[in-house]
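Let me give you the structure first, and then I'll get to my questions.
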Amino acid sequence: MTLLLIHAAATLLMLGVILVVQRVHYPLFRYVRAADYEAFQAAHMRRITWIVGPAMTTELVTAGWIAWTPPPGLPPWMGWTGLGLVAFIWITTGLVQVPLHRRLTNGFDAAAHRRLVATNWWRTGAWGLRAGLALWMLGQGLGH
């Protein structure tokens, strides 16, 4: 039960973070003055890492644990589906989001910014699905 609670907490935390980033933070990037943009982007990357790094790592580790050793009453597909969504999030983060953030460290680039906002919907959707699944698994776990 503790595993499912930690897992759900990490996933729900990340859903909250990604929703705020997607709907508030990323759209505001375009309003930062050009003279301040490079410092702003570097600070954003440094500060957000302190939040998302531990939460994403916790989510990854607990998702793997659940997939390889499903708690009693949990169908194996739930764990593997959750781990697949985590893999999708990590891959898109590493291959799409991080390179776009790096590109933005050289100054505001409207095309990179539009792509950052547009492609981040993929992760936002994946975390929404993960949150539903994590809560479903937690409910299954509470029943046993």
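Testing Val117 on (1) in a helix (DSSP H, G or I); (2) on the phi > 0 side of the Ramachandran plot, one condition comes back false. Which one is that?
(2)
Something else: Condition test on Met56, is it at pLDDT below 95 and under 23 Å from the mean Cα position of the chain (by Cα)? First the steps, then the outcome.
Numbers: at pLDDT below 95: no; under 23 Å from the mean Cα position of the chain (by Cα): yes.
It is false that Met56 is at pLDDT below 95 and under 23 Å from the mean Cα position of the chain (by Cα).
Could you count how many residues in segment 20-53 are open to solvent by 80 Å² or more (accessible area, probe 1.4 Å) and of a type in the set (A, V, I, L, M, F, W, C)?
Residues in segment 20-53 being open to solvent by 80 Å² or more (accessible area, probe 1.4 Å) and of a type in the set (A, V, I, L, M, F, W, C): 6 in total.
This table checks each residue for (1) touching a helix residue (DSSP H, G or I) at 6+ places or on another chain (Cβ under 9 Å); (2) touching a residue at least 12 places away in the same chain (Cβ under 8 Å); (3) more than 17 Å from Leu138 (Cα to Cα).
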site: Thr57; (1), (2), (3): yes, no, yes
site: Trp65; (1), (2), (3): yes, yes, no
site: Thr69; (1), (2), (3): yes, no, no
site: Pro72; (1), (2), (3): yes, yes, no
site: Thr81; (1), (2), (3): yes, yes, no
site: Leu95; (1), (2), (3): no, no, yes
site: Arg102; (1), (2), (3): yes, no, yes
site: Ala110; (1), (2), (3): yes, yes, yes
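Right, next: Please tell me if Trp65 is under 15 Å from Val86 (Cα atoms) and assigned to a helix (DSSP H, G or I). Steps first, please.
On the way: under 15 Å from Val86 (Cα atoms): yes; assigned to a helix (DSSP H, G or I): yes.
The answer is yes for Trp65.
I would also like to ask the following. Among the residues of segment 27-45, is there at least one that is of a type in the set (Val, Ile, Thr) and under 14 Å from the mean Cα position of the chain (by Cα)? Steps first, please.
Step one: of segment 27-45, the residues of a type in the set (Val, Ile, Thr) are 32.
From what is left, the residues that are under 14 Å from the mean Cα position of the chain (by Cα) are none.
Taking every residue of segment 27-45 in turn, none turns out to be of a type in the set (Val, Ile, Thr) and under 14 Å from the mean Cα position of the chain (by Cα).
Could you check segment 9-19 and list, in sequence order, the residues that are over 22 Å from Val117 (Cβ atoms) and either touching a strand residue (DSSP E or B) at 6+ places or on another chain (Cβ under 9 Å) or open to solvent by less than 50 Å² (accessible area, probe 1.4 Å) (or both)?
The first filter runs over segment 9-19 and keeps only residues over 22 Å from Val117 (Cβ atoms), leaving 9-12.
Matches in segment 9-19: Ala10, Thr11.
What are the pairs, 6+ residues apart or on separate chains, where a residue within segment 112-140 that is free of Cβ contacts under 8 Å to residues at least 60 places away in the same chain has its Cβ under 7 Å from a residue that is open to solvent by 30 Å² or more (accessible area, probe 1.4 Å) and not β-branched (Val, Ile, Thr)?
The qualifying pairs are Ala112/Arg103; Ala126/Leu85; Ala126/Phe88; Leu129/Leu85.
Among the numbered criteria (1) more than 17 Å from Val21 (Cβ to Cβ); (2) more than 15 Å from the chain's Cα centre (by Cα), which single criterion is violated by Gly132?
(2)
Now, a different point. Does Ile6 meet the test of being assigned to a helix (DSSP H, G or I), modelled with pLDDT of 95 or more, of a type in the set (A, V, I, L, M) and surrounded by 17 or more Cβ atoms within 10 Å (Cβ to Cβ)? Steps first, please.
Numbers: assigned to a helix (DSSP H, G or I): yes; modelled with pLDDT of 95 or more: yes; of a type in the set (A, V, I, L, M): yes; surrounded by 17 or more Cβ atoms within 10 Å (Cβ to Cβ): no.
No, not satisfied.
Can you pull out the residues in segment 68-89 that are part of a helix (DSSP H, G or I), in contact with a Leu (Cβ under 7 Å, 6 or more places away or on another chain) and open to solvent by 20 Å² or more (accessible area, probe 1.4 Å)? Even if it seems obvious, please write down each step before you answer.
Narrowing segment 68-89 to residues part of a helix (DSSP H, G or I): 68, 76-89.
With the extra rule that they be in contact with a Leu (Cβ under 7 Å, 6 or more places away or on another chain), the set shrinks to 78, 81-82, 85-86.
The answer is Thr81, Leu85.
The values are calculated or read from the model by the stated rules, or taken from the named source; none is laboratory data. Just so you know, these numbers come straight off a predicted model, no measurement behind them. Backbone-built Cβ (ideal geometry, glycine too); neighbour counts: all protein chains shown. Accessible surface areas use protein heavy atoms only, side chains included; no ligands, DNA or RNA. Shrake-Rupley method; radii C 1.70, N 1.55, O 1.52, S 1.80 Å.
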